[in-house]
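Engineer: Please find one structure pasted underneath; my questions will follow.
The values are calculated or read from the model by the stated rules, or taken from the named source; none is laboratory data. Small disclaimer: the values here were computed from a predicted structure and weren't measured. Neighbour counts are summed over all protein chains in view; Cβ atoms, including those assigned to glycine, are modelled from backbone coordinates with ideal geometry. Surface accessibility is based on the protein's heavy atoms, side chains included, excluding ligands, DNA and RNA. Shrake-Rupley method; radii C 1.70, N 1.55, O 1.52, S 1.80 Å.
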Amino acid sequence: MQKLHILAIAAHPDDIELSAAGTLTKHAKLGQKVGILDLTQGELGTRGSGPLRLQEAAAAAEVMGMAVRENASMADGFFQNDKEHQLKLIQYIRKYQPDIVIANALEDRHPDHGKGGRLIADACFFAGLRKIETSLDGVAQEAWRPKRIFHMIQDRFLEPTIIVDISDSFEQKMEAIKCYKSQFHDPNSNEPLTYIASQDFLENIRYRASLLGKRIGVRYGEGFICENTPGIADLDKLLLPQMA
């Protein structure tokens, strides 16, 4: 068992890069153990293939400085928030014992995102129930519940609960995204043009990060939603931008 401080879990390889790579990279730079679990290989995507996206995911994880990246091999498009999938996810949560989980948005353009967000949230709760028994490699696992779950803001803009300053890690975020050459803009690609494969899509990533950053007085930000109200130790822990 390799304990992680943060475990980011999402439906597809590249979900995390698009919406949370700056935050994960920032925490990795602080020397914290950070990892990623992709639920599927994204094998239903119009461009690329499952095996290729696994290679791209590994390259992106290296750019972000992740301690681990795994794939749960659930069926893209067809995984469900049911007992079978919850138990599988509970094994990973108990394996890595994260303090913080970053998860898919609870609603979004792609059905897998909202479905994945609720599956992750439910599994995090159930992972803390000791009467739910799981084992890994023949060894019984201890119950473990993460302290906090933060849901990403993905394609559809949702009002964030908090915004993280990613000014110092934004360029690494963009580098990680560009590891997915099969998915995003590549002028040399012969693959079909898709919604996310245009140059405008990548420019919009920068634009949104800039808008979120502006709201907290920094250059770039990533927003997250927390179903439970987060607290702070004292008011001095807040970013206090210069007010005009």
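Engineer: Would you point out which residue out of Ala103, Ala123, Ala127 is within 15 Å of the chain's Cα centre (by Cα), under 17 Å from Phe150 (Cα atoms) and of a type in the set (Gly, Ala, Ser)?
Structural biologist: Ala103
Engineer: For Tyr207, indicate whether it is open to solvent by 100 Å² or more (accessible area, probe 1.4 Å), within 21 Å of Ile16 (Cβ to Cβ), part of a loop (DSSP other than H, G, I, E, B) and of a type in the set (Ser, Thr, Tyr). Quick ask: steps written out before the conclusion?
Structural biologist: Values: open to solvent by 100 Å² or more (accessible area, probe 1.4 Å): yes; within 21 Å of Ile16 (Cβ to Cβ): yes; part of a loop (DSSP other than H, G, I, E, B): no; of a type in the set (Ser, Thr, Tyr): yes.
Here the answer is no, as Tyr207 does not meet what is asked.
Engineer: Are any residues in segment 122-142 of a type outside the set (S, T, N, Q), touching a helix residue (DSSP H, G or I) at 6+ places or on another chain (Cβ under 7 Å) and in a loop (DSSP other than H, G, I, E, B), and if so, which ones?
Structural biologist: Ala127, Ile132, Glu142
Engineer: Let me ask another. Kindly evaluate Asp168 against the criterion of being acidic (Asp, Glu), modelled with pLDDT of 95 or more, farther than 24 Å from Leu106 by Cα and part of a loop (DSSP other than H, G, I, E, B).
Structural biologist: Judged against the criteria, Asp168 is a match.
Engineer: Report, by residue number, each residue of segment 28-77 that is open to solvent by 50 Å² or more (accessible area, probe 1.4 Å), of a type in the set (A, V, I, L, M) and in a helix (DSSP H, G or I).
Structural biologist: Those that are open to solvent by 50 Å² or more (accessible area, probe 1.4 Å), of a type in the set (A, V, I, L, M) and in a helix (DSSP H, G or I): Leu52, Leu54, Ala58.
Engineer: When segment 78-90 is examined, which residues are found to be buried (at least 16 other Cβ atoms within 10 Å of the Cβ) and over 16 Å from the mean Cα position of the chain (by Cα)?
Structural biologist: Phe79, Asn81, His85, Gln86, Lys88, Ile90
Engineer: Determine, yes or no, whether Arg145 is closer than 21 Å to Ala8 by Cβ, in a loop (DSSP other than H, G, I, E, B) and open to solvent by 50 Å² or more (accessible area, probe 1.4 Å).
Structural biologist: yes
Engineer: Could I ask something else about it? Quick one: Asp200 ticks every box in (1) farther than 26 Å from Arg118 by Cα; (2) among the acidic types (Asp, Glu); (3) at pLDDT 90 or above except a single one, so which number is it?
Structural biologist: (3)
Engineer: For Thr25, state whether it is polar (S, T, N, Q) and in a helix (DSSP H, G or I).
Structural biologist: In short, yes.
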